[in-house]
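Worksheet: one structure, shown below.
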Amino acid sequence: MPDKRLWTSQDNGVTETERDNLFALPLGSKADFVFDEKVARVFPDMIRRSVPGYESIIAMTGTLAGRFATAGSRCYDLGCSLGASILAMQRAIRDRDCQITGIDNSQDMLDRCRLVLGESRDLPRVELICGDIRSARIENASVVVLNFTLQFIPVAERQALLGHIFAGLNPGGILVLSEKVSFSDVRHDQLMIALHHDFKRARGYTDLEISQKRSALEHVLIPETLDVHRQRLRRCGFHSVDVWFQCFNFASLLAIKAPEST
Ligand code: GEK
């Protein structure tokens, strides 16, 4: 019987996580993807083998927070899952006076997140909230992170959420927005999807796993083009918006709120 546990380095410690085989066997009925206990258990393995560039985006989220977090302000990780971005920010922010708030509406994710984060007295304090990011209180923020979470919010509600985040950001504050994206050129879109599936195959997922996961996410994860994201962020009022990372159909944007002086 192979050992199902994997030891995943989270830089400041080691997290025990199982290998993701949730879609390995044929599923009788088609059900939408949910962030339940089964997913939380395998999440670190699942996201690393599913999202090209995930490790770089998480590490650079820390680097960005290290530059933009200001003394006495708050940093938010919206849809924090097991806290990968929280850990990266905690390590990069030198000001102990900053507080990091992680919000997720999956209690199963947050229960595991608490175990991953543990107690670290000499790092910025972390508060974890179980709730919907659409009704979250965001205030005095210097850094807001939405890493692969906006894609799960209904398209019609995305503008309101981003507007709410913009209102809670201090002048000079940033939003890091990472998403699976689509492309308006159909051939390019299909090529990026095929390359993403090659990435997953190279990391051990079978064609059955890839197609069953794709069906489960079909009505749950709705990608949009980079142009749509850029335009929406500009409409919210961000004065500087652009992509800082892209690998196939996964990208991360940096949106900056103007400093008071400009
Ligand atoms: C990472 N950022 O490791 N309110 C709160 N949480 C939500 C909502 C909502 N309305 N909708 C979804 N979630 C993480 C990865 S995973 C991305 C983020 C993925 C939560 C959901 O419970 C899940 O934990 C997270 O958003 C999305 O970088 O699995 O592709």
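The values are calculated or read from the model by the stated rules, or taken from the named source; none is laboratory data. Small disclaimer: the values here were computed from a predicted structure and weren't measured. Don't worry about glycine lacking a Cβ; one is built from the backbone with ideal geometry, like all the others, and counts go over all protein chains shown. Only protein heavy atoms, including side chains, enter the accessible area calculation; ligands, DNA and RNA are left aside. Shrake-Rupley method; radii C 1.70, N 1.55, O 1.52, S 1.80 Å.
Values for this structure:
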{"read-out": "Any hit, the stretch 164-181, residues being over 17 Å from the mean Cα position of the chain (by Cα), over 23 Å from residue 56 (Cα atoms) and within 16 Å of the ligand (Cβ to nearest atom)", "value": "yes"}
{"read-out": "Residue ID - nearest to residue 129 (Cα to Cα), chosen from residues in the stretch 82-99 that are open to solvent by less than 10 Å² (accessible area, probe 1.4 Å), away from the ligand (no atom under 11 Å from the Cβ) and not in a helix (DSSP H, G or I)", "value": "98"}
{"read-out": "Pairs where the first residue, in the stretch 242-257, is touching a residue at least 12 places away in the same chain (Cβ under 8 Å) and in a strand (DSSP E or B) and the second is surrounded by fewer than 19 Cβ atoms within 10 Å (Cβ to Cβ) and polar (S, T, N, Q), C-beta under 6 Å, 6+ apart", "value": "256/240"}
{"read-out": "Any hit, the stretch 52-63, residues being at positive phi and not aromatic (Phe, Trp, Tyr)", "value": "yes"}
{"read-out": "Wholly enclosed helices (runs of 4 or more DSSP H) of the stretch 117-219 bearing at least 1 residues modelled with pLDDT of 95 or more and out of contact with any helix residue (DSSP H, G or I) (no Cβ under 7 Å at 6 or more places or on another chain)", "value": "158-168, 186-202"}
{"read-out": "Unique residue being free of Cβ contacts under 8 Å to residues at least 12 places away in the same chain, open to solvent by 30 Å² or more (accessible area, probe 1.4 Å) and not β-branched (Val, Ile, Thr) when the list is 189, 227, 198", "value": "198"}
{"read-out": "Conditions (1) within 9 Å of the ligand (Cβ to nearest atom); (2) open to solvent by 40 Å² or more (accessible area, probe 1.4 Å); number of the one not met by residue 155", "value": "(1)"}
{"read-out": "Test: residue in the stretch 105-113 that is acidic (Asp, Glu) and within 11 Å of the ligand (Cβ to nearest atom)", "value": "yes"}
{"read-out": "Per-region count, the stretch 62-81, residues more than 8 Å from the ligand (Cβ to nearest atom) and within 23 Å of residue 247 (Cα to Cα)", "value": "4"}
{"read-out": "Residues of the stretch 100-112 satisfying the condition of being among the charged types (D, E, K, R), in a helix (DSSP H, G or I) and buried (at least 17 other Cβ atoms within 10 Å of the Cβ)", "value": "108, 112"}
{"read-out": "Residues of the stretch 230-246 that turn out to be open to solvent by 30 Å² or more (accessible area, probe 1.4 Å) and either over 18 Å from the mean Cα position of the chain (by Cα) or hydroxyl-bearing (Ser, Thr, Tyr) (or both), as a count", "value": "6"}
{"read-out": "Where residue 219 falls short, out of the listed (1) over 19 Å from the mean Cα position of the chain (by Cα); (2) exposed (fewer than 13 other Cβ atoms within 10 Å of the Cβ)", "value": "(1)"}
{"read-out": "Qualifying residue in the stretch 63-70 (condition: outside any helix (DSSP H, G or I) and in contact (Cβ under 8 Å) with a residue 24 or more places away in the chain)", "value": "yes"}
